[in-house]
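Asker: Before we start, here is the structure in question, set down as structure tokens.
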Amino acid sequence: MREEGGELTVRDPVSAPDAEGRPRRVTRRFPLFTKDTARPEGGGRAASGDAFAPARQWPVLAVLGLVGLGLVVTAFGQFRLGTLLIGIALLGGGAMRWLLPDVGMLAVRSRFTDIVTYGVMGLAIVLLAMMAQPNPWLQIPFLKDTLHFTVTSE
């Protein structure tokens, strides 16, 4: 293991050796038994290191704050509005992950995986909130037929 240009590189042990007997192929992957893991792409601080701690992690705090607000609104009897806030918070997290170069602790996995995860979960929660009974804001006709065929025993 050595550093080249600020990046950690590891010689891949399965490649053919060079004249000195070292493997030729270089990869960014960590060896099998690693003591540490690489930070996700975009996982750097969202603000400079000398900034106040919450300012460095403002993206994740914004998402968690909106989710918390949605949970409080839901607890006070506004189910649809609260769940919409939760879904919008996740969609906003996906948008921040896509648009911002560094999002701090909002970066959990690779950029693509985070965007897809936040987007799918946020969209599912928003759609379910819009279809909640009574008086749904969104009606999808084939879902009623699907439910009818799965519940009835005829």
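The values are calculated or read from the model by the stated rules, or taken from the named source; none is laboratory data. In this text, all values refer to a predicted model and were calculated from it rather than measured experimentally. Positions of Cβ are generated from backbone atoms using ideal geometry, with glycine treated the same way; all protein chains shown enter the neighbour counts.
Asker: When segment 48-64 is examined, which residues are found to be part of a helix (DSSP H, G or I) and either in contact with an Asp or Glu (Cβ under 7 Å, 6 or more places away or on another chain) or farther than 13 Å from Leu90 by Cβ (or both)?
Answerer: Matches in segment 48-64: Ala53, Pro54, Ala55, Arg56, Trp58, Leu61.
Asker: Can you find a residue that is among the aromatic types (Phe, Trp, Tyr), outside any loop (DSSP other than H, G, I, E, B), under 16 Å from Leu66 (Cβ atoms) and without any contact (Cβ under 8 Å) to a residue 60 or more places away in the chain anywhere in segment 105-125?
Answerer: Yes, segment 105-125 contains a residue that is among the aromatic types (Phe, Trp, Tyr), outside any loop (DSSP other than H, G, I, E, B), under 16 Å from Leu66 (Cβ atoms) and without any contact (Cβ under 8 Å) to a residue 60 or more places away in the chain.
Asker: Inside segment 78-103, can you point out the residues that are surrounded by fewer than 20 Cβ atoms within 10 Å (Cβ to Cβ) and in contact with a Pro (Cβ under 8 Å, 6 or more places away or on another chain)?
Answerer: Leu100
Asker: Another question, if that's okay. When the residues of segment 68-77 are filtered to those that are modelled with pLDDT of 95 or more and surrounded by fewer than 18 Cβ atoms within 10 Å (Cβ to Cβ), which remaining residue is farthest from the chain's Cα centre (by Cα)?
Answerer: Phe76
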